[in-house]
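One structure is given below, represented as structure tokens, and several questions about it will come after.
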Amino acid sequence: MSRLVYLDGGLVPAGEAKVSVFDHGYLYGDGVFEGIRCYSGVIFRLRQHIRRLYESAKSILIEIPMTPEEMEAAHVKTVAANGLKDAYIRTVVSRGPGDLGLDPRKCPTPTVVIIADAIKLFPPEMYETGIKTLTSGYRRTAVDAHTYQVKSLNYLNGIMAKIQANLAGMSEAIMLDSHGFVAEGTGENLFIVKDGVLVTPPGSAGILEGITRGALIELARKDGIPVEFRNITLHDVYVADECFLSGTAAEVMPVVELDMRKIGGGKPGPITNRLRKHFYDIARTDGTRVLYEA
Ligand code: PMP
């Protein structure tokens, strides 16, 4: 069955879902996006994703040509129309078609795309063994460059870090902020566990504040695990008891090595595994339910 893609107000067959080469999302990376998961017919924390999308758009002065409620309904409709229960959703709002100059005043109408596709899972054994990582030389966008909190179409520093990891045979790269503190992975937030305390860098460490990160912080607190937000150094990660990454695609991914140092016992730790389980326990209910046609 051909997938249906939401494009500018309606569903079209995937092969016809085309965007102009004059769209500034394509020419300049001028736009914002979201990556969202649907678990067993429930779109995980859809409202939070839509809120972040609108906040990203507001920050870069894109006016999305529909209300958040209409956007939410469009997501539900797109997943339902494709008959998907478990899905990965990619939502893109770009500045829209303009001329070849970068001036956004030439782009009167933003382009809105929602793609729902079958989820591609990481191999299950990766969650059992954990992953090996390296520190990238590519930094997260500096805090005073303003855009690091925007989930924008500018991912080049993350992509360069990912290439570095690929070339070195590592599963993921850890990126530092402009001061040299540990920020996050290329598309995931980072946590360490030290002496029973869950520690994650604050928003001001150049990170994108993940929806998964937020859920895990809530789950840890409910489970009586103390949570601290503070700057983390590379040394802190090397000597941590546990480390993991969190994100919509990666979910809760244990990290067992950074820069050839084994973290903790070199295998996923007990708090990581507990939080992973808690996450799966809520994933199928904590969100917006899709209504499928009978
Ligand atoms: N950091 C970056 C740079 C990301 O792209 C993502 C993925 N959206 C995350 C962190 C994790 O965020 P979330 O849990 O909302 O997917």
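May I ask you to list the residues in the stretch 1-54 that are among the aromatic types (Phe, Trp, Tyr) and in contact (Cβ under 8 Å) with a residue 40 or more places away in the chain? Can you show your working first?
If we filter the stretch 1-54 for residues that are among the aromatic types (Phe, Trp, Tyr), which is where we start, we get 6, 22, 26, 28, 33, 39, 44, 54.
The answer is 6, 22, 26, 28, 33, 39, 44.
Could you list, in sequence order, all residues of the stretch 175-203 that are within 12 Å of the ligand (Cβ to nearest atom), among the β-branched types (Val, Ile, Thr) and in a strand (DSSP E or B)?
200
Can you pull out the residues in the stretch 159-174 that are in contact with a Lys or Arg (Cβ under 8 Å, 6 or more places away or on another chain) and part of a helix (DSSP H, G or I)?
Selection gives nothing.
Same structure again: Could you tell me which residue of the stretch 60-83 is surrounded by the fewest Cβ atoms within 10 Å (Cβ to Cβ), considering only residues that are out of contact with any helix residue (DSSP H, G or I) (no Cβ under 9 Å at 6 or more places or on another chain) and among the aliphatic types (A, V, I, L, M)?
The extreme case among them is 73.
Additional query: Residue by residue through the stretch 191-204, note down the ones that are closer than 12 Å to residue 140 by Cβ and buried (at least 20 other Cβ atoms within 10 Å of the Cβ).
Residue satisfying the conditions is 201 alone.
Return only the number of the condition from (1) outside any strand (DSSP E or B); (2) more than 15 Å from residue 230 (Cβ to Cβ); (3) within 16 Å of the ligand (Cβ to nearest atom); (4) open to solvent by less than 60 Å² (accessible area, probe 1.4 Å) that residue 126 does not satisfy.
(3)
If you don't mind, another one. Mind checking which pairs have a first residue in the stretch 141-160 that is within 10 Å of the ligand (Cβ to nearest atom) and a second that is of a type in the set (Lys, Arg), Cβ under 8 Å, 6 or more apart or different chains?
Final answer for the pair search is 148/140; 151/52; 157/139; 157/140.
Follow-up. State yes or no: is residue 133 within 16 Å of the ligand (Cβ to nearest atom) and either open to solvent by less than 50 Å² (accessible area, probe 1.4 Å) or closer than 23 Å to residue 36 by Cα (or both)?
On the way: within 16 Å of the ligand (Cβ to nearest atom): yes; either open to solvent by less than 50 Å² (accessible area, probe 1.4 Å) or closer than 23 Å to residue 36 by Cα (or both): yes.
Spelling it out, residue 133 is indeed within 16 Å of the ligand (Cβ to nearest atom) and either open to solvent by less than 50 Å² (accessible area, probe 1.4 Å) or closer than 23 Å to residue 36 by Cα (or both).
Filter the stretch 143-158 down to the residues that are open to solvent by 30 Å² or more (accessible area, probe 1.4 Å) and in a loop (DSSP other than H, G, I, E, B) and list them by number.
We begin by selecting, within the stretch 143-158, every residue open to solvent by 30 Å² or more (accessible area, probe 1.4 Å); these are 143-147, 149, 153-157.
Result: 146, 153, 154, 155.
Among the residues of the stretch 1-59 satisfying the criterion of being among the polar types (S, T, N, Q) and within 16 Å of the ligand (Cβ to nearest atom), which is surrounded by the most Cβ atoms within 10 Å (Cβ to Cβ)?
Our first condition is that a residue be among the polar types (S, T, N, Q); within the stretch 1-59, this holds for 2, 20, 40, 48, 56, 59.
Now restrict to residues that are within 16 Å of the ligand (Cβ to nearest atom): 48, 56, 59.
Values: 48: 16, 56: 22, 59: 15.
The extreme case among them is 56.
Would you mind finding the one in 207, 225, 217 that is aliphatic (A, V, I, L, M), crowded, with 23+ Cβ neighbours inside 10 Å and either assigned to a helix (DSSP H, G or I) or in contact with a helix residue (DSSP H, G or I) (Cβ under 9 Å, 6 or more places away or on another chain) (or both)? Spell out the reasoning first.
Working: 225 fails: crowded, with 23+ Cβ neighbours inside 10 Å; 217 fails: crowded, with 23+ Cβ neighbours inside 10 Å.
Among 207, 225, 217, only 207 is aliphatic (A, V, I, L, M), crowded, with 23+ Cβ neighbours inside 10 Å and either assigned to a helix (DSSP H, G or I) or in contact with a helix residue (DSSP H, G or I) (Cβ under 9 Å, 6 or more places away or on another chain) (or both).
Can you say whether residue 19 is outside any strand (DSSP E or B) and closer than 16 Å to residue 153 by Cα, as far as the supplied structure shows?
Yes, satisfied.
Just for the stretch 204-226: of the residues that are β-branched (Val, Ile, Thr) and within 13 Å of residue 275 (Cβ to Cβ), which one is nearest to the ligand (Cβ to nearest atom)? Step through it out loud before you land on a result.
Initially, the stretch 204-226 is screened for residues β-branched (Val, Ile, Thr), giving 207, 211-212, 217, 225.
With within 13 Å of residue 275 (Cβ to Cβ) added as a condition, the list becomes 212, 217, 225.
Working: 212: 3, 217: 11, 225: 19 Å.
Selected residue: 212.
Related question: Given the conditions (1) within 16 Å of residue 250 (Cβ to Cβ); (2) in contact (Cβ under 8 Å) with a residue 24 or more places away in the chain; (3) open to solvent by 70 Å² or more (accessible area, probe 1.4 Å); (4) not in a loop (DSSP other than H, G, I, E, B), report the number of the one that residue 120 does not fulfil.
For residue 120, the failing item is (4).
Could you grab the pairs with beta carbons closer than 8 Å, sequence gap of 6+ or different chains, first residue in the stretch 163-190 and under 17 Å from residue 257 (Cβ atoms) and open to solvent by 60 Å² or more (accessible area, probe 1.4 Å), second one within 15 Å of the ligand (Cβ to nearest atom) and assigned to a strand (DSSP E or B)?
That search, which allows pairs on different chains as well, returns 164/173.
The values are calculated or read from the model by the stated rules, or taken from the named source; none is laboratory data. Quick caveat: nothing in here was measured; it's all calculated off a predicted structure. Here Cβ is always computed from backbone atoms with ideal geometry, including for glycine, and neighbour counts include all displayed protein chains. Remember, those area values only see protein heavy atoms, side chains included, never the ligands or the DNA or RNA. Shrake-Rupley method; radii C 1.70, N 1.55, O 1.52, S 1.80 Å.
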